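Okay, so here's the structure we're looking at.
All of the numbers you see were taken from the coordinates with simple rules; none came from a lab. In this text, all values refer to a predicted model and were calculated from it rather than measured experimentally. Positions of Cβ are generated from backbone atoms using ideal geometry, with glycine treated the same way; all protein chains shown enter the neighbour counts.
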Amino acid sequence: MTTTAAQAQDALQKLGVAAAAFQQGALAAHSPIDGSQIGAVRTHTVEEVATAVDRAQQAFLAWRVVPAPVRGELIRLFAEELRQNKQALGTLVSLEAGKILTEGLGEVQEMIDICDFAVGLSRQLYGLTIASERPGHRMMETWHPLGVVGVISAFNFPVAVWSWNFALAVVCGDAVVWKPSEKTPLTALACQALFERVAQRFGKAPAHLSQVVQGTREVGEALVDHPKVALLSATGSTRMGREVGPRVARRFGRSLLELGGNNAVIVTPTADLDLAVRGILFAAVGTAGQRCTTTRRLIVHASVRETLVARLKQAYEKLTIGIPTDAKTLIGPLIDKAAHDGMQAALQSARQEGGQVFGGERVLADRYPQAYYVRPAIVEMPAQTATVCHETFAPILYVMSYDSFDEALDMQNGVPQGLSSAIFGNDLREAERFLSASGSDCGIANVNIGTSGAEIGGAFGGDKDTGGGRESGSDAWKAYMRRATNTINYSRELPLAQGVDFNV
Ligand code: UN1
C-alpha cells in the first residue's frame, strides 16, 4: 500500500467509514498526488438510483412537517460533528482532490460556515405580508418544503458544494440524493458517515434524508430524469449543464446550475500593485487553477502591464510545487492526465494565436510518473482570442492590455461565461462603474480582492454560460422551497379582485 493510500485509509477510519465501503467496488478512487489507488466504492445501478429517490420522497413527506427550527437543530449538530472532524475530513479532501492541506481544511470550514448560516436561516424562512386591494382581506406568502433535491457535484470542491446544497435543503424541509464526482467518491462516503452519526444522535430524522449514489454518467442521468427530483442542483462544466438544464426543464423540474467561469481581473493605472499581485496570485494559481472562480484572464492597463507582469512572473517563480500534504507546498497536482493534456492543448493553441507562454510545463514527472504536476502558466496574448474565451480547468493566466476603461469592460464581458470578476484600482469612478449596471456582467464582482474564495454569506453563481443558478448565502434558500400565495377573507362579503361584478 502506498503512503497516500495508508493516509486515506487512516482518515476514512477516523471519520467512521466502514472498511467494506471503501475497499471494494467497481469505482476505483485514485489520488492525484501520486496516481495510486486509495480506495474503491460500490457503484449504483439506474434502478438503485430510482429506489433512492423513492426513499428520499418518503423521507421528505415526514421531514416537511417537522418545524424548521427543529430541522435547523440537525444541521447545528452536523456542524458540531464537522468541527470535531475537520482535520480528518480536510486531509481526506487533500488526498483525494489534491488540494493543499490549508485549502482542504478551508473547504471543511466552508461546510461549517454554511451549516451555521442554515441554522440561523431555519428561523428565518420568511414570506411577505402583502396589502390586499379588497376590504377585509389579507394576503401573504408562505414558503413550503419543495421535495427531493438531487445534487451533482464536481471533483474540485468535493464536499463544500454538496454542503451548500445539503444544509439549505435540510433546513428547508427537503431530502437529498447526492451523486458526487466519480473522481472523488471517498470524501462523499465520509460526509455520509458523519451525517448518519449525527442523525442517530438527533433521533428525529427520517431514514434516507441523505443518500449518496455513486457511479458515472448514467447514475447522474437517472437523477436528472427522475420525475420526483424536484430540484436538480448541478455543478460542473458548461457542456454538462447544457445537457442537464433542458432535460430537467422538459419534465418541468427545477434546476440550479453552477457551471464554468472565465474570470477576469482588471488592473487599472491607480491600482496598488502589491495588493494586485497578491490577489491575482492566489486566485490564478491557488487550487492549481481548478476552482470555478479561478482568475483566468488579466486585463491590465497598458501603462502598468510590463511592471505587473514582471512582478507576477517573479512571484510565479517562487511557487513551491509538490505534494499537497507538505506544509511548504502551494501548488498541488492537477486532478488527472486529461486535465494536464487539456492544459497543454490550450497552451499550444494560444501559441498559435500569438501567445507568449511563460511556465506551463509538467514537473516532478520522474518522481510521480502517474501524477500531473505543472508549473502555472502566464500567457501574454495579443488579443482576447478564441482560446482565451474557453474555460480550461488548469492554472493558465492569459494577459491582455487595454487603453480605455470601456475597452476593459468590453473585454471583461466579452466571454460566454459570467461567474466572477474583480477590479484593482483606487479610482472611485472606475470601481463604481465596474459594479454598476453597465459594468461587470458577472454574478460576483469584487473590488481590490481576487475572483476566488467567496464567503458563504453571499449568493454564489453567475449568468450566461455559468448557468444562472445561485447557491449558498443571501436568499439562495428560496430555490429549495416552493412559494404559496395565500389570500384570506375575514369579512362577510366576497368582493372580487379587479372590481369584477358576478352576481346572480
Ligand atoms: C467551485 O470552484 O466550484 O469562491 C466553488 C470560491 C469557493 C467556492 C468555489 N468559495 O472560490
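Do the conditions hold for residue 287, that is, is it surrounded by fewer than 23 Cβ atoms within 10 Å (Cβ to Cβ), within 30 Å of residue 434 (Cα to Cα) and touching a residue at least 60 places away in the same chain (Cβ under 8 Å)? In short, no.
For the stretch 378-436, how many residues are assigned to a strand (DSSP E or B) and touching a residue at least 40 places away in the same chain (Cβ under 8 Å)?
Restricting attention to the stretch 378-436, the residues satisfying the condition of being assigned to a strand (DSSP E or B) are 378-380, 396-402, 417-418, 420-424.
The next check asks that each one be touching a residue at least 40 places away in the same chain (Cβ under 8 Å); those that pass are 378, 380, 396-402, 417-418, 420-424.
The number of residues fulfilling the criteria is 16.
Is it fair to say residue 295 is within 16 Å of the ligand (Cβ to nearest atom), polar (S, T, N, Q), out of contact with any Cys (no Cβ under 6 Å at 6 or more places or on another chain) and within 25 Å of residue 416 (Cα to Cα)? Yes.
In the stretch 447-479, what residues are under 13 Å from residue 165 (Cβ atoms), touching a Gly at 6+ places or on another chain (Cβ under 9 Å) and more than 14 Å from the ligand (Cβ to nearest atom)? Listed by number, the list holds a single entry, 479. Going through (1) in a helix (DSSP H, G or I); (2) away from the ligand (no atom under 16 Å from the Cβ); (3) touching a residue at least 40 places away in the same chain (Cβ under 8 Å) one by one, residue 310 falls short only on (3).
Looking across the stretch 424-446 at every residue that is within 23 Å of residue 286 (Cα to Cα) and more than 16 Å from the ligand (Cβ to nearest atom), the one that is farthest from the chain's Cα centre (by Cα) is identified as 425. If you go through the stretch 406-423, how many residues are within 21 Å of residue 277 (Cα to Cα), more than 16 Å from the ligand (Cβ to nearest atom) and crowded, with 21+ Cβ neighbours inside 10 Å? The qualifying residues number 4. The residues of the stretch 128-150 that are farther than 29 Å from residue 500 by Cα, part of a strand (DSSP E or B) and in contact with a Gly (Cβ under 8 Å, 6 or more places away or on another chain), listed by number, are 143, 144, 145.
Results for (1) within 20 Å of residue 51 (Cα to Cα); (2) buried (at least 16 other Cβ atoms within 10 Å of the Cβ), shown as yes or no for each residue.
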residue	(1), (2)
138	no, no
146	yes, yes
149	yes, yes
158	no, yes
172	no, yes
179	yes, yes
186	no, yes
